[in-house]
Amino acid sequence: MTPKELEKYEIIKKLSDKLITVSDASKLLGRSSRQVKRLRAKMRANGIQGIIHGLRGKKGNRKTDPEIWNKAKGLILEKYPDFGPTLAHEKLVEVEGINFSEQTTRNLMIAENIWQPKSRKKNKEYRRFRERKECFGQMEQFDGCYHCWFESRGPESCLLAAIDDATGKITKAEFTDSESVVNVFKFWKSYVAEIGKPIAIYLDKFSTYKINHKNAVDNSEMITQFQRAAQELEITLICANSPEAKGRVERLFDTLQDRLVKELRLRNIRDITAANKFLKEEFLGDFNKRFAVVAAKKSDLHRRLSANQLANLDAIFSVQSQRLVQNDFTVRFKNQWIQITKEQAVTVRRKDRVLIEERLDETLAIRLRQKYLNFKILPDKPRKASPTIAAISAKRIANKPAANHLWRRQIAADVAKMNS
């Protein structure tokens, strides 16, 4: 008997010996008078055993069948030995057809030493909870994660992912070889074209997103290619000062390193192309259905691209560099010489600074005063230009007056008058 049951026995015994009243026993036990009388009757009939609960020592009505328990244990050890309880439970239910609860799966894995529960962290540092944003598209948390996503089946790769702060929904995810500016540009070009422009993007201080040189603090003109593109699209960039600040996307990668790696293993996916197809067609929809939450407000704050932004999307998501026009109207760029041709839509002078755009399709474009220049890439270093050429002028097209123009009508009238 437990100490509590012994105390209950002493009180009911005093009641049976008429040392206390039913009302006194009710107050001491915190039970109703009717329940106290039932306990007294049970003790008179069964002695001290009447105090003990009648179901003690009996098999529970919801006890798991040992045969099903052993079958689930065998499947976990054979197919899902390194899965967590939640993911293992999903596979047992959806793939193996074993109708286990998640808690039963957890208890089984702990009892059979398949999985060890983690101890809670005792963090004494005070952190204030930041509420989620209210609307979908109000803020996207974005980051890249290098990991052996294909385990030993393929090389290490980088997963770029954006998660909505209001809903916890993975709005877009894509495997790439690195977190370079080109790969990030491809990711966000596809994002804004398909979904729209979010109000803000929350990211870290990786060199692709922010210049971390000490002089950049006081010089607002020192910006990265990504910051420049975000400014043109009117998207606010927020740089976190710690990983915990953008904890939603950090926790997302922790989850994906567990669940996604195992899903790729079960399907024997070993390359980026197949992995991206699986992400888009299967994984993201299922993941969001399981873990996304409802936003506080139903509004979608993603904005459509304007006509001008849509027309210049290739230019916005290009790596832009400034170069000086030489005396022979050539530009040197990445160890190659580019000749600016004679016919142009804008006047080009020596020492003009032109903007070279490296497009995502690996083509080049050269821009001067918002006009694109005609050019050709030279195979060899050009000869020195003649000093007589001062500038390449914009090509002028002669305007021929229409047949019914005022001038033509006046001339025709004068000729008719002279002939008459």
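The values are calculated or read from the model by the stated rules, or taken from the named source; none is laboratory data. Since we're looking at a predicted model, the values are computed, not measured. All Cβ positions, glycine included, derive from the backbone under ideal geometry; neighbour counts span all protein chains shown.
Of the residues making up the range 271-299, just one is of a type in the set (Ser, Thr, Tyr) and in a loop (DSSP other than H, G, I, E, B), namely SER299.
Here LEU252, LEU233, LEU256, LEU159 are screened, and the one residue that is of a type outside the set (Lys, Arg), in contact with a His (Cβ under 8 Å, 6 or more places away or on another chain) and at pLDDT 90 or above is LEU159. I'd like to check something: does the range 44-65 contain any residue that is outside the structural domain of ASN268 (by TED's automatic domain parsing), at pLDDT below 90 and among the hydroxyl-bearing types (Ser, Thr, Tyr)? Among the residues of the range 44-65, at least one is outside the structural domain of ASN268 (by TED's automatic domain parsing), at pLDDT below 90 and among the hydroxyl-bearing types (Ser, Thr, Tyr), which makes the answer yes.
Which of the residues spanning the range 58-86 are under 28 Å from the mean Cα position of the chain (by Cα) and either closer than 14 Å to LEU108 by Cβ or free of Cβ contacts under 8 Å to residues at least 12 places away in the same chain (or both)? Those that are under 28 Å from the mean Cα position of the chain (by Cα) and either closer than 14 Å to LEU108 by Cβ or free of Cβ contacts under 8 Å to residues at least 12 places away in the same chain (or both): TYR80, PHE83, GLY84, PRO85, THR86.
Candidates in the range 92-149 are the residues that are aromatic (Phe, Trp, Tyr) and touching a helix residue (DSSP H, G or I) at 6+ places or on another chain (Cβ under 8 Å); of these, the one that is modelled with the lowest pLDDT is PHE100. Set side by side, the residues PRO66, PRO81, PRO85 differ, and just one is exposed (fewer than 12 other Cβ atoms within 10 Å of the Cβ) and under 16 Å from TRP115 (Cα atoms), which is PRO81.
Evaluation of ILE98 against the conditions (1) within 19 Å of THR255 (Cα to Cα); (2) β-branched (Val, Ile, Thr); (3) not in a helix (DSSP H, G or I) shows that the sole unmet condition is (1). Considering only residues in the range 328-386 that are of a type in the set (Phe, Trp, Tyr) and closer than 28 Å to PHE185 by Cβ, the one that is surrounded by the most Cβ atoms within 10 Å (Cβ to Cβ) turns out to be PHE375. When the range 271-286 is limited to residues that are touching an Asp or Glu at 6+ places or on another chain (Cβ under 9 Å), over 14 Å from CYS158 (Cβ atoms) and not acidic (Asp, Glu), the one that is surrounded by the most Cβ atoms within 10 Å (Cβ to Cβ) turns out to be PHE283.
PHE291 meets each of the listed conditions (1) of a type in the set (A, V, I, L, M, F, W, C); (2) surrounded by fewer than 17 Cβ atoms within 10 Å (Cβ to Cβ); (3) over 20 Å from the mean Cα position of the chain (by Cα) apart from (3).
Here ARG44 fulfils each of the conditions (1) surrounded by 13 or more Cβ atoms within 10 Å (Cβ to Cβ); (2) without any contact (Cβ under 8 Å) to a residue 40 or more places away in the chain; (3) not in a loop (DSSP other than H, G, I, E, B) apart from (1).
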